[in-house]
1. Taking only DSSP H segments of four or more residues, each worth -39500 (n - 2.57), what value at 222 nm results for the chain once the sum is divided by all its residues, to the nearest 500 deg cm²/dmol?
2. For LEU27, LEU57, what's the largest-to-smallest order of accessible area, 1.4 Å probe?
3. What trypsin sites (Lys or Arg not before Pro) in the chain are in a loop by DSSP, with at most 15 other Cβ atoms within 10 Å of the Cβ?
4. Please give me, ordered by residue number, the GluC sites (Glu not before Pro) of the stretch 6-70 that lie in loop per DSSP and have at most 13 other Cβ atoms within 10 Å.
5. From the phi angles alone, apply the Karplus equation (6.51, -1.76, 1.60; θ = phi - 60°) to the stretch 37-52 and give each ³J(HN,Hα) in whole Hz, x where the residue is Gly or Pro.
6. With log10 I(q)/I(0) by the Debye sum over Cα atoms at q = 0.12, 0.18, 0.26 Å⁻¹ defined as stated, name the option among (1) -0.30, -0.68, -1.20; (2) -0.65, -0.83, -1.09; (3) -0.27, -0.61, -1.29 computed from the structure displayed.
7. Leaving out ligands, DNA and RNA, and with a 1.4 Å probe, what % of the accessible surface on the chain is carbon or sulfur?
8. Using the beta-carbon distance between ARG59 and ARG33 and R0 = 30 Å, what value does 1/(1 + (r/R0)^6) give for FRET efficiency, to the nearest 0.05?
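The values are calculated or read from the model by the stated rules, or taken from the named source; none is laboratory data. As the structure is a prediction and not an experimental result, all values here were calculated from the model. Reconstructed Cβ throughout: ideal geometry from the backbone, glycine too, with neighbour counts over all protein chains shown. SASA here: full protein model, heavy atoms, side chains in, ligands and nucleic acids out. Shrake-Rupley method; radii C 1.70, N 1.55, O 1.52, S 1.80 Å.
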Amino acid sequence: MPGIMLRTDDNFDAAYRRFKKQTDRNLIVTEARARRFHETETEKRKKFKIASRKKMLKRLYMMRRYESRL
């Protein structure tokens with residue numbers, strides 16, 4: 001769990017920024033949103049298919065970009 005130690009010279013804005021940065025790094029907000037609602041198996045499969053297609057297209061784009069340099 002993220003947490004910050006307050007320094008004597010910290011104001012609220014600086015402390016809040018540091019805390020927010022830690023939560024972003026640990027993907028806490030993203031995970032909480034994902035767990036907020038129950039996801040059916042069909043939705044999970046659909047998200048997996050979309051993610052795999054996106055990954056494949058990214059690889060294809062990078063490969064074509066690399067080949068164009070040769």
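1. Computed mean residue ellipticity for the chain: -25000 deg cm²/dmol.
2. LEU27, LEU57
3. Those that pass, being in a loop and sparsely packed, are ARG7.
4. On the way: sites: GLU31, GLU39, GLU41, GLU43, GLU67; in loops: GLU39.
In loop regions of the stretch 6-70 (DSSP not H, G, I, E or B), the sparsely surrounded GluC sites (Glu not before Pro) are GLU39.
5. My calculation for the stretch 37-52 gives 10, 5, 10, 6, 4, 4, 5, 4, 4, 4, 5, 5, 4, 5, 5, 5 Hz in order.
6. Given (1) -0.30, -0.68, -1.20; (2) -0.65, -0.83, -1.09; (3) -0.27, -0.61, -1.29, the calculated one carries the label (2).
7. Carbon and sulfur atoms account for 57 percent of the accessible area of the chain.
8. Values: r = 27 Å, r/R0 = 0.91.
My answer for the efficiency is 0.65.
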